[in-house]
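The values are calculated or read from the model by the stated rules, or taken from the named source; none is laboratory data. Quick caveat, the model's predicted, so the values are computed rather than measured. Because the Cβ atoms are built from the backbone with ideal geometry, glycine has one as well, and the counts that use them run over all protein chains shown.
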Amino acid sequence: MSQDLRSFVAAYGRAHPDEVVRVAEPVSIAYDVMALVLEYERRRRFPILMFDTVAGYDIPIVTNVVASRRALAFALGVPERALAAEYARRLKEYVKPVLVADPPFRHRVLTGSDVDLQALPVPRYFPGDAGRYLTAGMLVARDPETGVETEGYHRFQVTGRDRMGVSLHSRRRMFEYQRRAEAKGKPLACAVVLGLHPLVSMGSLAYPPPDVGKFEVVGGLLGEPLRIAPCATLDLHVPATAEIVIEGEILPGAREPEGPFGEFTGYVSRRSTEHVFVAKALALRERPWFQSIASGRAGDHITTLGLVREAEILNALSRAIPNVTGVHVPLSGTSAFTAYVSIAQSRPGEAKHVIPIVLGVDHYLKLVIVVDDDIDVFDESDVLWAVATRMQADRDLVVIGGSLGALLDPSADERGVTAKLGIDATRPFGAPFAEKLVMAPDRMAWARALVDRLGRQEDPRP
Ligand SMILES: Cc1cc2nc3c(=O)[nH]c(=O)nc-3n(C[C@H](O)[C@H](O)[C@H](O)COP(=O)(O)O)c2cc1C
């Protein structure tokens with residue numbers, strides 16, 4: 001299959017013509033990209049946006065590629081309702097990458113003083129941001145101890161021709177790789193890759209075991225090996241279809257101010273790990289596209305983050321809980337902090353057993369609500385009704401204090417240490433409980449048909 005961003009956008013546009021919007025009128029890199037995304041979101045729309053004319057630059061910007069469940073389901077080739085389950089299934093199927101020579105991004109390779117990151121159309125997103133940010137920069141590096149590669153998105157603030165501040169605040173594999181290199185007094189050789197197929201983005205967010213590289217995870221999502229190519233100046237591989245590759249290193253022992261930046265939490269975030277990236281080479285495709293990911297709580301930033309947590313929770317629970325009927329990591333919890341899980345309990349105490357398993361999937365999760373299978377986890381009012389009527393605080397809460405959390409959560413302390421809460425909002429197992437109000441199914445079928453008929457009648461008002 002085509003593994004590049006351009007082919008994906010073209011195919012998606014053919015299948016859903018209204019979902020790819022070309023903006024021909026000139027836009028500024030200051031706020032325009034983000035403002036347009038926000039206006040579409042206000043209208044409950046999440047189209048891919050292609051900005052053909054960026055004032056002062058000859059490279060077009062594409063954004064909102066991973067903003068909607070519809071686009072992600074299209075990338076996986078499944079209906080939207082099957083998205084999380086299919087994602088969960090394919091995340092477990094590792095396929096090793098294959099090496100290709102002569103990737104398109106070798107069309108133009110600039111090194112030394114020819115590198116100028118400021119010449120790229122790097123936007124400014126919100127007025128509270130410290131500067132211009134690469135938001136779709138996929139950072140690729142190898143574990144200095146094991147050689148296993150990882151990739152993940154990290155925000156980069158352009159601070160000079162060849163210098164960027166980078167925040168590794170998710171404190172997962174990349175943070176550890178840098179820490180290991182720094183402990184040896186060495187820089188972490190790495191590449192920042194822009195312009196990727198959505199399945200590469202989705203694979204990068206997974207939680208594979210430490211001996212499995214993320215390229216293998218992407219291969220599982222693609223259903224075929226990811227094509228990778230060597231960097232021009234580093235002993236490192238990156239996805240071969242990339243639009244732009246910035247090769248360089250994260251300096252050991254260096255920290256410089258980075259941020260504030262409008263983050264997924266919905267706040268102007270002043271927290272950062274303040275690492276420093278220095279570019280050595282800039283490689284570009286012929287007439288490259290510059291990918292941007294809209295920031296803050298935009299769908300482009302957080303839709304994939306909620307989905308991957310749903311998929312990973314499904315996989316983790318499947319090992320211990322036989323009847324999980326729903327998992328939802330809602331936007332209200334910034335697609336990161338909150339999870340709702342519904343189960344059909346077959347053993348006493350199962351609901352409480354769910355809580356540590358879910359919290360163990362990812363250190364950002366800090367509120368887990370477990371409900372019975374008659375509750376729709378995608379209906380937050382239903383979930384809160386279960387909490388209101390089935391939970392007793394003296395027996396149904398599980399609290400863990402002083403735990404590893406999200407550095408950017410403003411309610412966590414400066415070190416990102418947080419408390420976690422699990423709520424068992426299920427009915428007592430095997431004991432009598434109040435009878436839920438339910439209408440007779442045949443009368444509901446009658447009412448549904450009647451409302452449909454009434455809806456088809458002409459509006460009698462003048
Ligand atoms: C659009 C987007 C932006 C992100 N920005 C950052 C960031 O600035 N810093 C960070 O540490 N993690 C960020 N993340 C989360 C990481 O990319 C994610 O946790 C990744 O899986 C980490 O990979 P690793 O386990 O290989 O370190 C971002 C995720 C997305 C989807």
> So which strands (runs of 3 or more DSSP E) are wholly in segment 219-317 and hold at least 1 residues that are closer than 24 Å to Met50 by Cα?
Replying inline: 237-239, 244-250, 275-284
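Among the residues of segment 143-168, which ones are more than 12 Å from the ligand (Cβ to nearest atom) and of a type outside the set (Gly, Ala, Ser)? Write out each step before concluding.
Filtering segment 143-168 for residues more than 12 Å from the ligand (Cβ to nearest atom) gives 144-147, 158-163.
Listed by number, the residues that qualify are Pro144, Glu145, Thr146, Val158, Thr159, Arg161, Asp162, Arg163.
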>> Regarding segment 110-120, can at least one residue be identified that is in contact (Cβ under 8 Å) with a residue 60 or more places away in the chain, over 17 Å from Gly195 (Cβ atoms), within 16 Å of the ligand (Cβ to nearest atom) and touching a Ser or Thr at 6+ places or on another chain (Cβ under 9 Å)?
In response: no
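Would you confirm, using the coordinates I've provided, whether Ile355 is part of a helix (DSSP H, G or I), over 30 Å from Asp116 (Cα atoms) and more than 16 Å from the ligand (Cβ to nearest atom)?
Details: part of a helix (DSSP H, G or I): yes; over 30 Å from Asp116 (Cα atoms): yes; more than 16 Å from the ligand (Cβ to nearest atom): yes.
Yes: the conditions hold for Ile355.
I need the full set of residues from segment 169-204 which are within 9 Å of the ligand (Cβ to nearest atom) and more than 23 Å from Phe290 (Cβ to Cβ), in order please.
The answer is His169, Ser170, Arg171, Arg172, Arg173, Phe175, Glu176, Tyr177.
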>> Here's a check for you: in segment 407-427, which residue that is of a type in the set (Ser, Thr, Tyr) and surrounded by 14 or more Cβ atoms within 10 Å (Cβ to Cβ) is nearest to Gly266 (Cα to Cα)?
In response: Thr418
>> Which condition from (1) of a type in the set (A, V, I, L, M); (2) closer than 23 Å to Asp379 by Cβ; (3) away from the ligand (no atom under 11 Å from the Cβ) is the one that Val308 breaks?
In response: (3)
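Can you list the helices (runs of 4 or more DSSP H) lying wholly within segment 1-111 that have 3 or more residues being in the same structural domain as Pro198 (by TED's automatic domain parsing) and of a type in the set (D, E, K, R)? Before you say what the answer is, go through the steps one by one.
Working: elements: 5-15, 32-42, 69-76, 83-90.
Because the criterion is at least 3 residues that are in the same structural domain as Pro198 (by TED's automatic domain parsing) and of a type in the set (D, E, K, R), the helices (runs of 4 or more DSSP H) in segment 1-111 that meet it are 83-90.
For segment 385-396, enumerate the residues that are surrounded by 14 or more Cβ atoms within 10 Å (Cβ to Cβ) and either in a loop (DSSP other than H, G, I, E, B) or not charged (D, E, K, R) (or both).
Residues of segment 385-396 surrounded by 14 or more Cβ atoms within 10 Å (Cβ to Cβ): 385-387, 390-391, 396.
Answer for segment 385-396, where residues must be surrounded by 14 or more Cβ atoms within 10 Å (Cβ to Cβ) and either in a loop (DSSP other than H, G, I, E, B) or not charged (D, E, K, R) (or both): Trp385, Ala386, Val387, Met391.
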